[in-house]
Amino acid sequence: MNNYKVLIGVTGGIAVYKALDLISKLRKHDIEVKVIMTESAEKFVTPLSFQSLSQNMVTTDMFQEPKAWEIQHISLAKWPDLVLVVPATANIIGKVANGISDDMLSTTIMATKAPVYFAPAMNTNMYENPIVQGNISKLKEYGYGFINPDSGRLACGDVGAGKLAAVDDILEVTLSLLNKNEDLKGKKILITAGPTISPIDPVRFITNRSSGKMGYAIAEEARDRGAEVVLVSGPTNIKPPYGIKFIKVNTNEEMKDAVLDNFVTSDIVIKAAAVADYKIAEYSDKKIKKGEGNLNLEFTRDNDILKILGEKKSESQILVGFAAESHDLIENARRKLANKNLDLIVANDITSNETGFASDDNRVIFITKSNESTVLDKMSKREISKKLLDEVMKISEN
């Protein structure tokens, strides 16, 4: 992420302090930050706070004496790779939508050719006002981007849409925009992640140790490369990635239905979920009470979703599976590749102490239908995702 430059426009609102947190996190990613504050923003937080965190002088006055000979709003407009307005009030949105440039921030936005994204924060009634919504629609038509606000309790006491998006969501969008590689633009990618559960009774179920981290990392990488992503996920502790169609499921049957609903329109399907192979033969609709003896449960085979997809896939679709094995890794992976009609399989050894379930890292082997294999040593799951999608692109080009 080195050498990226982001210009932050800060306007007057109670959420101004959250922009400080965003700048701190951007700097931790080695992104250079400069700040323009409106006069109203200075009423909430002093320029010195932003100067300290950004490690750059803060611009507040369109007519302040420049530190070097330059037309400041033009030099600032040419400087960044991305402009973020955080928080964005109804005022700045209305100004830009209607071509008004009467301060340093609005003038710089008018002069820049960098992408501009607004993160609105305002009262619910103001945000939902048709004039504000009209201005937002107009700016979207002009190519400006928006990071939609959250819903919740606002500073004024109202409850509804208008709360500034979470700082981590704004950061995720920013990193995605800066990292943009659109080699998957126009592709629809369906990804599964996490475990599934098999209920025993109203309070008990069986599941597995999958954290979902691998599937979520693939979904984020695909999104950042321009793909339209659908992520079908079993229960995890991971926040759904921003900008991705997210479908939450619990059981094998629910995952099968969600996957088949999106399968025909998908160009690439990556099945990273650890789907339960067996389910309880007879579900008890009442809690099973503890008895004197042992409890014996009978299991029956559940849907083989990957095999169903392999039988249904067209010649133009690419199907990728995962083989999480404790022994005979290569042999088992190759058998699964052939039996499920896959184009590529990702094999990983779940017995490793350093990688696998719940880890941020993994070691994997890619095996293609043509029996070519690529061994990847320990690396982050995001980096593996990048290399996996590179491999998928090679297959699609052949």
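The values are calculated or read from the model by the stated rules, or taken from the named source; none is laboratory data. The structure displayed is predicted, hence computed values, not measured ones. Neighbour counts run over all protein chains shown; Cβ positions are idealised from the backbone, glycine included.
Taking the criterion of being under 15 Å from THR196 (Cβ atoms) and assigned to a loop (DSSP other than H, G, I, E, B), the residues of region 266-286 that qualify are ALA272, ALA273, VAL275, ALA276, ASP277, TYR283. Selection of region 336-373 for residues being among the acidic types (Asp, Glu) and not in a loop (DSSP other than H, G, I, E, B) yields ASP349, ASP361. So which of GLY162, GLY152, GLY157, GLY99 ends up being of a type in the set (Gly, Ala, Ser), in contact (Cβ under 8 Å) with a residue 40 or more places away in the chain and on the phi > 0 side of the Ramachandran plot? Going through GLY162, GLY152, GLY157, GLY99 in turn, just one is of a type in the set (Gly, Ala, Ser), in contact (Cβ under 8 Å) with a residue 40 or more places away in the chain and on the phi > 0 side of the Ramachandran plot: GLY162. Taken together, the criteria place ASN362 among residues that are over 21 Å from SER266 (Cβ atoms) and under 28 Å from the mean Cα position of the chain (by Cα). Among the residues of region 99-121, those that are farther than 19 Å from VAL173 by Cβ and either in contact with a strand residue (DSSP E or B) (Cβ under 7 Å, 6 or more places away or on another chain) or of a type in the set (A, V, I, L, M) (or both) comprise ILE100, MET104, LEU105, THR108, MET110, ALA111. Scanning region 213-265 for residues that are assigned to a strand (DSSP E or B), in contact (Cβ under 8 Å) with a residue 24 or more places away in the chain and closer than 21 Å to ASP168 by Cβ returns VAL229, LEU231, SER233. Annotation: ILE14 fulfils all but one of (1) modelled with pLDDT under 95; (2) part of a helix (DSSP H, G or I); the unmet one is (2). Taken as a whole, the structure places ILE365 among residues that are aliphatic (A, V, I, L, M), surrounded by fewer than 21 Cβ atoms within 10 Å (Cβ to Cβ) and either touching a strand residue (DSSP E or B) at 6+ places or on another chain (Cβ under 7 Å) or under 19 Å from VAL392 (Cα atoms) (or both).
Given the criteria of a type in the set (Phe, Trp, Tyr) and touching a residue at least 60 places away in the same chain (Cβ under 8 Å), does PHE366 qualify? For PHE366, the condition - of a type in the set (Phe, Trp, Tyr) and touching a residue at least 60 places away in the same chain (Cβ under 8 Å) - is not met.
Checked against (1) surrounded by fewer than 22 Cβ atoms within 10 Å (Cβ to Cβ); (2) modelled with pLDDT under 95; (3) within 15 Å of the chain's Cα centre (by Cα), LYS289 passes all but condition (3). The residues of region 370-386 that are surrounded by 15 or more Cβ atoms within 10 Å (Cβ to Cβ), within 22 Å of SER316 (Cα to Cα) and not polar (S, T, N, Q) amount to a single one, LYS386. The residues of region 307-339 that are within 20 Å of ASP261 (Cβ to Cβ) and without any contact (Cβ under 8 Å) to a residue 40 or more places away in the chain, listed by number, are LYS307, GLY310, GLU311, SER314. Considering only residues in region 1-35 that are over 17 Å from TRP79 (Cα atoms) and among the charged types (D, E, K, R), the one that is surrounded by the fewest Cβ atoms within 10 Å (Cβ to Cβ) turns out to be LYS28.
Do we have any residue at all in region 32-43 that's part of a strand (DSSP E or B) and modelled with pLDDT under 95? Checked against the condition, which is being part of a strand (DSSP E or B) and modelled with pLDDT under 95, region 32-43 yields no hits at all.
Under 27 Å from LEU376 (Cα atoms), crowded, with 17+ Cβ neighbours inside 10 Å and at pLDDT below 95 - does that describe any residue in region 304-323? The answer is yes; a qualifying residue exists. Looking at LEU190, is it among the aliphatic types (A, V, I, L, M), touching a residue at least 12 places away in the same chain (Cβ under 8 Å) and outside any strand (DSSP E or B)? So LEU190 fails the test.
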